[in-house]
1. Can you name every residue in segment 127-162 that is in a loop (DSSP other than H, G, I, E, B) and in contact with a helix residue (DSSP H, G or I) (Cβ under 8 Å, 6 or more places away or on another chain)?
2. Looking for something under 17 Å from the mean Cα position of the chain (by Cα) and crowded, with 20+ Cβ neighbours inside 10 Å - is there at least one such residue anywhere in segment 24-36?
3. Look at Ala9 and say whether it is under 22 Å from Glu93 (Cβ atoms), among the aliphatic types (A, V, I, L, M) and either in a helix (DSSP H, G or I) or open to solvent by 70 Å² or more (accessible area, probe 1.4 Å) (or both).
4. Would you point out the residue of segment 163-211, among those that are of a type outside the set (Asp, Glu) and outside any helix (DSSP H, G or I), that is least open to solvent (accessible area, probe 1.4 Å)?
5. Filter segment 136-162 down to residues that are open to solvent by 30 Å² or more (accessible area, probe 1.4 Å), among the acidic types (Asp, Glu) and in contact (Cβ under 8 Å) with a residue 12 or more places away in the chain, then give me how many there are.
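The values are calculated or read from the model by the stated rules, or taken from the named source; none is laboratory data. Source: prediction; values computed, not measured. Ideal geometry is used to build each Cβ from the backbone, glycine not excepted, and the neighbour counts take in all protein chains shown. Heavy atoms of the whole protein, side chains included, go into the accessibility calculation; ligands, DNA and RNA do not. Shrake-Rupley method; radii C 1.70, N 1.55, O 1.52, S 1.80 Å.
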Amino acid sequence: MTVTFGELAASRRPRLDDMLLALAGEFGDCDARGARDRLETLGAEIAGAGAGEMNPQAQLDAVVAILGDRHGFSGNRENYDDPANSMLDRVLERRTGLPILLSIVYIETSRRAGIDLAGVGLPGHYVVGHFGGHEPLLIDPFAGGVRLEIPESARVEQWDAHQTVLRVLNNLVGSYRRRNDVVRAIRAAELRMELPLGDRQAAALQLELRSVRSALN
């Protein structure tokens with residue numbers, strides 16, 4: 001049985017791949033089965049390299065070697081604002097996308113290999129973190145998996161699926177509005193309201209939703 005985006009948004013701990021594939025299905029045809037098959041295949045490659053038995057830094061190195069080096073997952077710099085860069089099935093097919101979607105590919109393929117990675121939202125960027133050692137280790141999938149140094153003043157926290165999907169939808173609202181695709185911009189803004197939100201955040205997003213809808217009048 002297919003689970004809807006709304007049902008996943010209402011659940012306490014949804015999986016990122018489930019949420020992103022349900023989200024993609026809201027905006028067009030989505031090959032969810034093909035996407036999951038690709039995630040499983042890539043996860044099997046990572047597991048086959050023995051990454052699950054390595055220390056955190058070696059695990060990250062192995063994941064980058066397979067996803068970044070062998071399969072060429074990297075950021076779409078030429079058409080950064082393309083909404084397809086936010087659709088998990090398209091990103092897996094094209095092996096390029098936004099930082100947040102590439103990070104989700106890293107997280108979900110590694111999870112299938114028994115490696116626990118997490119998304120980390122930084123100001124203006126989204127990266128992947130390994131929190132299994134004495135201190136967090138960060139890599140940037142958009143740049144092919146390069147290691148990032150953590151400034152002493154930086155606040156590095158794991159983001160859950162709801163926080164991550166909200167950021168994806170924020171990107172889509174902006175992308176569709178810049179394309180004057182009002183119908184899809186409205187849908188992306190509506191989907192944000194199905195996520196668990198604080199009162200102040202919900203009020204701000206509801207105000208923006210009304211603004212987007214006004215473009216149809």
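1. Gly132, Gly133, Gly144, Gly145
2. yes
3. no
4. Among them, the one singled out is Leu195.
5. So the answer is 2.
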